[in-house]
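Note sheet for the following structure.
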Amino acid sequence: MRIVWRCLFALVVIWSLAAGAIVIVQRSRPTPQKFMSYVAEHPLEGLDAPHRATIIDHAGRLLNGLNSEQRLELKRSGVLRAFFTKLTSEERRRFANLTLPAGFRQMVKTLNKMDPEQRKKVVERTLRDLRRQNAVADELSDEDDMRAVISRGSSIFEEEADPQVKLDFAPVLEELRRTQKNPATGTAPTKL
């Protein structure tokens, strides 16, 4: 009988530890609400550069921990844009370098999982946004920054997208090439 009680006790302890670990992981997992709370509780105004950098880095880590749906939810809330507009040009560049590669990778993973009909709708919506200049262009004020973002995103896309996704997104890449003229030559860059 003692063996049964010891086994039950051991089982309860193991399940309690597992439940505790699950709770800890869930609490530490970033969410849009955690990002919103963090930037609300840590305003950038009046802070010196090192403190601002610490807040920007933490906000970047929170954003990178979000999946595509959560990023979309955060974008729709307007909090991400409000945070971004409070950054200096250099801080925007830093934040973009911290967050855009992860965002591009998530986008590619999502596209790879979509069925062709869903992807077609995404392509149409993206083209419409690009033509309205609503994509990355309004987030970054500097042409060189935009070119760097597009180049980096295109590289990630070329490395990680499935062949069918690349084919489906060819019109988007062409539109990017068309709209991103090289300021020195007035021509589109040869590789995006």
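Shown is the FRET efficiency for His58 and Ser16, computed with R0 = 25 Å from the Cβ-Cβ distance and rounded to the nearest 0.05: 0.20. Shape of region 31-110 from the C-alpha gyration tensor: prolate (a/c of 1.5 or more and a/b above b/c, with a ≥ b ≥ c the square roots of its eigenvalues).
Inter-label distance, Arg152 to Leu44: 1.6 nm, where each label sits 7 Å from its Cα along the C-beta direction. Take the Cβ atoms of Leu173 and Lys109, set R0 to 22 Å, and the FRET efficiency comes out at 0.75.
Each reported figure results from applying straightforward, stated rules to the coordinates on display, with no laboratory input. Quick caveat: nothing in here was measured; it's all calculated off a predicted structure. Note: ideal-geometry Cβ built from the backbone for every residue, glycine included; neighbour counts use all protein chains shown.
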